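One structure below.
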Amino acid sequence: MLCQSLLHKKFTKNMALHKKIVTIHRGVDLGTFDANKVTESMVQNMISEMQIPEDKHIFLLPGRLTRIKGHEVLFDAVSRMRRDDFICLIVGSFKNKNYLRELDEQARHYGFRDRLYIFNNCKDMATLYALATASISPSTRPETFGRTAAEAGAMGCIVIGSNHGGTKEIIVDEKQVFFLNQKTAYNWQKS
């Protein structure tokens, strides 16, 4: 079993098993990620708990805080936006405190530190996707699963993701997704 078609292609090329291998994408628990189960009071409670403004668009970047996730690509892109009606919400586990400090410095450098919120995990990701304007996945290298894109998609949240890896492969409804060149912040900002 291979989790991504890029791995499938490499494996079959080397092993000459083209007809015996299929790609099985990661699934999402639709019992958990169901927009109909998220109430307005759940959304309001999360806004209150996180102390984030409710009158702004929310660009959510979920996932571990590691360089591969493309935080700087997002920062560069939002710094080019000539508007201030949004916040960036980064939610995910972080073990590297130095990288957390780097993100803080980068946000200051790009001039929007006052609109950046970083949280170490969230127990109710379904509600978080429900309140987000878009879930952003600017990975700098192809990742295998694209789990956050699948979860966001299940919740009906717009996904803006790199044009590679699991994020690209797992999305079915192309009306709610934008794929962009991961190296060009200008393309990200235009979306």
Legend entry - the range 79-123, residues that are out of contact with any Phe, Trp or Tyr (no Cβ under 6 Å at 6 or more places or on another chain), of a type in the set (Val, Ile, Thr) and closer than 15 Å to Pro138 by Cα: Ile90
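Take the conditions touching a strand residue (DSSP E or B) at 6+ places or on another chain (Cβ under 7 Å) and more than 22 Å from Ala149 (Cα to Cα) and apply them to Asp85. Does it pass? Outline the logic, then answer.
On the way: touching a strand residue (DSSP E or B) at 6+ places or on another chain (Cβ under 7 Å): yes; more than 22 Å from Ala149 (Cα to Cα): yes.
Here the answer is yes, as Asp85 does meet what is asked.
Kindly evaluate Val91 against the criterion of being closer than 30 Å to Thr39 by Cα and either surrounded by 15 or more Cβ atoms within 10 Å (Cβ to Cβ) or aliphatic (A, V, I, L, M) (or both).
Yes; evaluated as a whole, the condition is true for this residue.
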Inset, instruction - Go through (1) more than 18 Å from the chain's Cα centre (by Cα); (2) farther than 24 Å from Lys37 by Cα; (3) surrounded by 14 or more Cβ atoms within 10 Å (Cβ to Cβ) and name the single condition Ile47 misses. - result: (2)
Inset, instruction - Would you confirm whether any residue within the range 117-128 is crowded, with 23+ Cβ neighbours inside 10 Å, at pLDDT 90 or above and under 11 Å from the mean Cα position of the chain (by Cα)? - result: no
Inset, instruction - Identify, by number, the condition in (1) crowded, with 21+ Cβ neighbours inside 10 Å; (2) at pLDDT below 90; (3) not small (Gly, Ala, Ser) that Arg83 doesn't meet. - result: (1)
Inset, instruction - Could you tell me whether Lys37 is modelled with pLDDT of 65 or more and either aliphatic (A, V, I, L, M) or over 30 Å from Asn96 (Cα atoms) (or both)? - result: yes
Inset, instruction - Could you please tell me which pairs satisfy a Cβ distance under 8 Å, a separation of 6+ or placement on different chains, a first residue in the range 32-48 that is closer than 19 Å to Thr148 by Cβ, and a second residue that is outside any helix (DSSP H, G or I) and small (Gly, Ala, Ser)? - result: Ala35/Gly156
Legend entry - Ile136, sole failed condition from (1) at pLDDT below 80; (2) of a type in the set (A, V, I, L, M); (3) buried (at least 18 other Cβ atoms within 10 Å of the Cβ): (1)
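The values are calculated or read from the model by the stated rules, or taken from the named source; none is laboratory data. What you see is a predicted model, and the numbers here were worked out from it, not measured in a lab. Note: ideal-geometry Cβ built from the backbone for every residue, glycine included; neighbour counts use all protein chains shown.
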